[in-house]
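Report on the structure given below.
The values are calculated or read from the model by the stated rules, or taken from the named source; none is laboratory data. For clarity, every value in this text was computed on a predicted model and none was experimentally measured. Cβ placement follows ideal geometry from the backbone for every residue including glycine, while neighbour counts extend to all protein chains displayed. In case anyone asks, the SASA skips ligands and DNA or RNA and just uses the protein heavy atoms, side chains included. Shrake-Rupley method; radii C 1.70, N 1.55, O 1.52, S 1.80 Å.
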Amino acid sequence: VHLVESGGGLVQAGGSLRLSCAASGFILRINEMAWYRQAPGNQRELVSVIRGDGTTNYADPVKGRFTIARDSDNSQNMWYLQMNSLTPEDTAVYYCYAIIRNRYTVPPTDHWGQGTQVTVSS
């Protein structure tokens, strides 16, 4: 199973970006989809998560500005992070993450993308 992010880049403060994550490989079920970020000198932190039942959570700094969503057709195995009203504090490498079951005989496992850089200029 592989996760690939896209959509990062450079944007001015107040602007928007949309990140996408595509999961490929043999996938039985994606139990949870999320976005994390890591700024220089900081630990990786959870930005947002969407669970199998559709419930979502957001980190306090991004509430009201970021929206996580997944394809309405779950067979596409894609999810997104719409980021609005970006500030320089949002600058980080963003990683997609998922808990994926790809075998009937073993529990679901964690998977990470390679990361995509988001830079917000002031």
Given the options 95, 104, name the one that is among the hydroxyl-bearing types (Ser, Thr, Tyr) and modelled with pLDDT of 95 or more. 95
Output the residues belonging to the stretch 19-28 that are under 14 Å from residue 3 (Cα atoms) and either in contact (Cβ under 8 Å) with a residue 60 or more places away in the chain or surrounded by fewer than 13 Cβ atoms within 10 Å (Cβ to Cβ) (or both). 19, 20, 21, 23, 24, 25, 26, 27
Sort out which residues of the stretch 93-109 are loosely packed, with under 13 Cβ neighbours inside 10 Å and of a type in the set (Lys, Arg), and write them in order of number. 103
Of residues in the stretch 37-60 being hydroxyl-bearing (Ser, Thr, Tyr) and open to solvent by 50 Å² or more (accessible area, probe 1.4 Å), the one farthest from residue 105 (Cα to Cα): 58
If residue 87 satisfies all but one of (1) closer than 16 Å to residue 7 by Cβ; (2) β-branched (Val, Ile, Thr); (3) in contact (Cβ under 8 Å) with a residue 60 or more places away in the chain, what's the number of the condition it fails? (1)
Does residue 112 qualify as being open to solvent by 60 Å² or more (accessible area, probe 1.4 Å), closer than 15 Å to residue 46 by Cβ and either touching a Pro at 6+ places or on another chain (Cβ under 9 Å) or not β-branched (Val, Ile, Thr) (or both)? yes
Can you tell me which residue is nearest to residue 30 (Cα to Cα) among those in the stretch 62-92 that are open to solvent by less than 40 Å² (accessible area, probe 1.4 Å) and β-branched (Val, Ile, Thr)? 68
Subset of the stretch 30-87, residues polar (S, T, N, Q) and assigned to a strand (DSSP E or B), comes to 31, 38, 48, 56, 57, 67, 82
